[in-house]
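The values are calculated or read from the model by the stated rules, or taken from the named source; none is laboratory data. This is a predicted model, so every value here is computed, not measured. Here the Cβ positions follow ideal geometry from the backbone for every residue, glycine too, while neighbour counts run over all protein chains shown. Ligands, DNA and RNA are stripped out before the accessible areas are found, and what is left, the full protein with its side chains, is counted by its heavy atoms. Shrake-Rupley method; radii C 1.70, N 1.55, O 1.52, S 1.80 Å.
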Amino acid sequence: MAEEVSSQMNSLSISETNPSSSATISLVSGDDIVFKVEPTIAKEMETVQSFIDETDGKITTIPLPNISSHDLPYVIEYCEKSIAGKITKEFEAEFVKKLNNEEVKELFLAANYLNIKKLLDFLSQVIADRIANKSVEYVRRYFGIENDFTPEEEAKLREELAWTFTGVDPDDEDEN
Amino acid sequence: MHISDEDDVSWILTPDLITEILSWLPVKILGRFRCVCKYWKLLIFEPTFAKLHHQRSPKHTHTLLTLFGVVNDSETWVVAPHSVRRLLEHPSSPIKEEECWRFKDETYYAIGCVNGLVCLIDYESQEDGKRKICIRFWNPTLRLRSQKSPILYETPSDLCVHLGFGYDDSGDIYKVVTVFWDHTEEKWEVRVHCMGDNCWRKILTYPDCSTLLGTLVGSFLNGSVNWLALTNLNCPDYELEDVIMDQLVIFSFDLRNETYEFMSLPDGFGEKPPDEPALDVLRDCLCLSYDHMKTHFVLWEMREFGVHESWTKIVNVSYVQLHFFDLMSEWLLFPVSLSGDLLLLAIKETCDGVILCNPIDGKVQHIELPNCKIMYAEEHMQSLVLPRPLPH
């Protein structure tokens, strides 16, 4: 069964695939591309599933204005592997290798919006790994955080925590 | 391909999501990220954040060693956390001054470490021959030390004070419990100090005909502090050779309810060992280890806390197999860590090294730790738990 879902999903693409199947759910990305998915996939996305439940399953086309057609296939791919019980370290490593820091951010927000706990957990670890050796300035830029310390406050704090500032990568290797 | 880059503002994360990401980072990096903004500075030291971070952190990665070694070119007693992996891969790395707690004159020792927080006893000898006892808390990963606790007791210097350190999950409270024999009342007395409080509460006294064994420090597991004890005695003084096996039990003090109970030792624990057995916590199980007939090192694990039937003998290895021939009158081997099938043993005080053995396939490896005589070892991890009260 799991294999079946998996092979179907591999052939998944834009709206024209199998439009008549009543069992499938149509997910519409923010840029109006339709993705047909099995109901089992929708179940992984709590936000989508609760929408379906609320309408007693009558509505099967679900707009996801916050998610782009660039990100949605990644989300679907992850859900598909998750259902098949095939989330391995190797899969996860391959999965994130393709993504730059900006894309990881977007997927993270998508996972949060769709309420996919496993993907959210996984991506938060990915982001944590990617910022671990970065400078404080990089982290502020990455998260869009304004520095609200006075220069004196910051200097004092940095002095207190000086021993934590070893092993920081130089900022110029940012990939964005 | 992206929806738009119209506003980066969409990437301003809610506190929940920030917490989600930061909770996966190691302690040292979180220390650095306290400089990002005021919100992060506070968040990272919040008790609820520390708790989430603790749940997500790898456990048993470190061991806290009390040892006699060289720090900054001088020989000294210290308590120092060691990464177990690093200890095995780079045994000769020096101990850094800023990462250890140096004893001034053997007046400190570690009572235990729980959730990355270390509790140390501080004896202050006085001119009249009495000692003042108080406690300090230390998070070695954060390099933060608490102030001294209130004085527990002024005691004659020969009085045995048993101490244990643990955590009451229900109230999120770190507690130090002490058990001692009150000569005037002829009773055992139990007192408890909650970290951050300004007192020691007298919890109970009991005239039970039991006594704790010589090891002063209790082992914390599953909400209770545990010591080896003897029951059915006529007086608190005993000679191990006069004791019969059935008298040997575990005294278990429940930190939440502040009550105690006795638990029995494994049935197969037949011969009485010539020296006191040791009680430790390894990979979240209570472990009993001892010398058997001066020929074998034996280790039992209580797989399910409080369930007598779950005692399992997991190590029974001969000294010949361990290439350990330095047996003196006193029994000297004690466990440092147990992970997978690998048991790490140290030789008390006498030897600059540890023994790594695999009880399943019998492989044994001696690892030299130059200038490092180990006295005690306890499993440890890195955490954000703050010692209290912090000095200002």
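Leaving out ligands and nucleic acids, and using a 1.4 Å probe, what accessible area per residue does the protein assembly as shown come to in Å²?
The answer is 48 Å² per residue.
Taking a cut-off of 19 Å between Cα atoms, list the aspartates and glutamates near A:Lys43, but don't count ones fewer than 8 places away on the same chain.
Cα-Cα hits under 19 Å: A:Glu3, A:Glu4, A:Asp53, A:Glu54, A:Asp56, A:Asp71, A:Glu77, A:Glu80, A:Asp121.
So which of B:Lys294/B:Lys363; A:Lys97/A:Lys117; B:Lys272/B:Lys373; A:Lys89/B:Lys41 end up more than 26 Å apart by C-alpha?
The answer is B:Lys272/B:Lys373; A:Lys89/B:Lys41.
Using alpha carbons only, what's the Rg to Rh ratio of the protein assembly as shown with Rh from Kirkwood?
That ratio is 1.05, to two decimals.
Using r as the Cβ-Cβ distance of B:Lys132 and B:Ile367, and R0 as 45 Å, what FRET efficiency do you calculate, to the nearest 0.05?
With a Förster radius of 45 Å, E is 0.70.
What are the extents of the Cα atoms of segment B:225-367 along their three principal axes, in Å, largest first?
Cα spread of segment B:225-367 along its principal axes, largest to smallest: 42, 32, 26 Å.
Can you check what the net charge comes to around B:Lys51, using other residues whose Cβ is under 13 Å from the Cβ of B:Lys51 (Lys, Arg +1; Asp, Glu -1)?
In short, -2.
Placing unit charges on C-beta atoms (Lys and Arg positive, Asp and Glu negative, everything else neutral), compute the dipole magnitude of segment A:87-159 about its Cα centre in debye, rounded to 20.
320 debye
For segment A:89-154, what value does the Rg/Rh ratio take when both radii are computed over Cα atoms and Rh is the Kirkwood radius, given to two decimals?
1.07
Check which residues have an amide H placed less than 5 Å from B:Gly112's amide H, if you skip close sequence neighbours.
Correct list: B:Cys119.
Scale the Cα Rg of segment A:37-92 by the rule-of-thumb value 2.2 N^0.38 Å and send over the ratio, two decimals.
Here the answer is 1.22, to two decimals.
What does the extension gain come out to for B:Arg102 and B:Asn198, with contour length at 0.36 nm per residue minus their alpha carbon separation?
Stretched fully, the B:Arg102-B:Asn198 segment lengthens by 32.0 nm.
What does the structure give for B:18-31 when I average, per residue, the other chain Cβ atoms found within 10 Å of the residue Cβ?
Rounded to a whole number, the mean comes out at 5.
Ordered by residue, what ³J(HN,Hα) values in Hz, to whole numbers, does segment B:184-199 give under the Karplus form 6.51 cos²θ - 1.76 cosθ + 1.60, where θ = phi - 60° and Gly and Pro are x?
With the stated coefficients, segment B:184-199 comes to 6, 7, 6, 9, 7, 10, 10, 10, 10, 10, 8, 4, x, 6, 10, 8 Hz.
Near B:Lys175, which lysines are there with a Cα under 20 Å away, not counting those fewer than 8 places off in the same chain?
B:Lys51, B:Lys132, B:Lys148, B:Lys202
With n ≥ 4 as the cut-off for DSSP H runs, can you work out [θ] at 222 nm for the protein assembly as shown, using -39500 (n - 2.57) per run divided by the number of residues, rounded to the nearest 500?
-6500 deg cm²/dmol
Can you list the residues, at least 5 places off or on another chain, whose amide H is less than 5 Å from the amide H of B:Met375, using H built in the peptide plane?
B:Thr66, B:Leu67, B:Phe68, B:Glu349
For a paramagnetic label modelled at 7 Å from the Cα of A:Arg158 toward its Cβ, which residues of segment A:121-143 fall within the zone defined by backbone nitrogen distances under 15 Å?
The answer is A:135-141, whose backbone nitrogens lie closer than 15 Å to the label point.
Using a 1.4 Å probe and counting only protein heavy atoms, how much accessible surface gets buried when A and B come together, both sides summed, in Å² to the nearest 100?
Its buried surface, counting both partners, is about 3300 Å².
To one decimal place, what orientation-averaged projected area in nm² is obtained for the convex hull of the Cα set of chain B?
The directionally averaged projection comes out at 24.1 nm².
So what is the relative contact order for chain B, in percent, with contacts set as C-alpha pairs under 8 Å and at least six apart?
Answer for chain B is 17 percent.
Calculate, for B:Thr205 and B:Met375, the FRET efficiency according to 1/(1 + (r/R0)^6) with r their C-beta to C-beta distance and R0 35 Å; round to the nearest 0.05.
The computed FRET efficiency comes out at 0.65.
Rounded to the nearest 20 Debye, what is the dipole magnitude of the protein assembly as shown about its Cα centre when Lys and Arg each give +1 and Asp and Glu each give -1 at the C-beta?
440 debye
Charges on Cβ only, +1 for Lys and Arg, -1 for Asp and Glu, centred on the Cα centroid of segment B:245-392; of B:Leu299, B:Phe325, B:Phe251, which one is farthest towards the dipole's positive end?
B:Phe325
Quick check: the angle from helix B:47-56's long axis to the longest principal axis of chain B, C-alpha only, nearest 10 degrees?
80 degrees
Once phi is turned into ³J(HN,Hα) by the Karplus curve 6.51 cos²θ - 1.76 cosθ + 1.60 with θ = phi - 60°, what whole-Hz value does each residue of segment B:28-41 show in order, with x for glycine and proline?
For segment B:28-41, the Karplus curve yields 4, 5, 5, x, 5, 6, 5, 7, 5, 6, 4, 4, 5, 4 Hz.
May I ask you to evaluate 6.51 cos²θ - 1.76 cosθ + 1.60, the Karplus curve with θ = phi - 60°, for each residue of segment B:164-177 and list the ³J(HN,Hα) values in order in whole Hz, giving x for glycine and proline?
x, 10, x, 9, 9, 4, 5, x, 6, 10, 8, 10, 10, 10
Subtract the Cα-Cα distance of A:Glu54 and A:Val168 from 0.36 nm times their separation in residues, and report this length gain in nm to one decimal.
36.1 nm
With +1 assigned to the C-beta of every Lys and Arg and -1 to the C-beta of every Asp and Glu, and no other charges, what is the dipole magnitude of chain B about the Cα centre in debye, to the nearest 20?
My answer is approximately 1220 debye.
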